[in-house]
Amino acid sequence: QVQLVESGGGLVQAGGSLRLSCAASGRTFSSYPMGWFRQAPGKEREFVAAVNWSGGATYYADSVKGRFTISRDNAKNTVYLQMNSLKPEDTAVYYCAARTGANYYALQSYDYWGQGTQVTVSS
C-alpha cells in the first residue's frame with residue numbers, strides 16, 4: 001500500500017510555470033507506475049500524464065503534450081509534474097495516483113490517490 005501527498009499548487013498567470021510534487025510513503029513506491037489526473041469544477045476527473053516504474057516511459061494527454069513533463073525520483077519516493085506555458089483551461093485540482101491496473105490512461109487503473117492540490121491559472 002502507498003500513501004500520497006501532493007504539493008506545489010497555487011495561482012499563476014497564463015504563460016507561467018508550476019512544479020507539482022507527490023510524496024509517497026511506503027517502501028514499494030518504486031514498483032508502482034504513477035499518474036497525474038485533474039478535475040475542473042463541474043467536470044469529470046481526467047488523465048494528464050503517467051510514468052512507468054523506472055521513469056523510462058512517459059505518457060501524456062494531448063492537451064498537455066509539449067507543455068507538461070512528468071518525472072520521478074525513486075530514491076526520494078517522489079513523482080513530479082512540471083507544467084509550463086500554463087493556460088486558464090489548466091485550472092483544476094491535480095491528483096497523483098499509483099497504478100495497479102493495466103491501462104495508464106484509465107482512472108479505474110489507479111487504486112491509490114492523494115488529496116489533490118489546486119492549480120489556478122489567471123488570464
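The values are calculated or read from the model by the stated rules, or taken from the named source; none is laboratory data. Everything numeric in this text was worked out from a predicted model, so none of it was measured. Every residue, glycine among them, receives a Cβ derived from its backbone with ideal geometry; neighbour counts consider all protein chains shown. All accessible areas refer to the heavy atoms of the entire protein, side chains included, with ligands and DNA or RNA removed. Shrake-Rupley method; radii C 1.70, N 1.55, O 1.52, S 1.80 Å.
Values computed for the structure shown
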quantity	calculated
Sole residue being among the aromatic types (Phe, Trp, Tyr), within 12 Å of the chain's Cα centre (by Cα) and more than 20 Å from residue 5 (Cβ to Cβ), chosen from 94, 80, 60	60
Residue match in the range 81-99 (condition: farther than 27 Å from residue 31 by Cβ, open to solvent by 70 Å² or more (accessible area, probe 1.4 Å) and in contact with a Pro (Cβ under 8 Å, 6 or more places away or on another chain))	no
Every residue from the range 83-123 that is in contact with an Asp or Glu (Cβ under 9 Å, 6 or more places away or on another chain), of a type in the set (Ser, Thr, Tyr) and closer than 21 Å to residue 54 by Cα	95, 100
Matching residues in the range 111-123 - criterion: being open to solvent by less than 20 Å² (accessible area, probe 1.4 Å) and more than 12 Å from the chain's Cα centre (by Cα)	121
Qualifying residue in the range 20-33 (condition: small (Gly, Ala, Ser), over 12 Å from the mean Cα position of the chain (by Cα) and under 27 Å from residue 89 (Cα atoms))	no
Tally, over the range 1-17, of residues that are in a strand (DSSP E or B), open to solvent by less than 30 Å² (accessible area, probe 1.4 Å) and under 22 Å from residue 122 (Cβ atoms)	3
Output for the range 30-68, where each listed residue is open to solvent by less than 40 Å² (accessible area, probe 1.4 Å), free of Cβ contacts under 8 Å to residues at least 60 places away in the same chain and not small (Gly, Ala, Ser)	48, 51, 52, 64, 67, 68
Test: residue in the range 44-55 that is aliphatic (A, V, I, L, M) and at pLDDT below 95	no
Strands (runs of 3 or more DSSP E) wholly inside the range 34-123 containing at least 3 residues that are of a type outside the set (Phe, Trp, Tyr)	34-39, 46-51, 68-73, 78-83, 92-99, 117-122
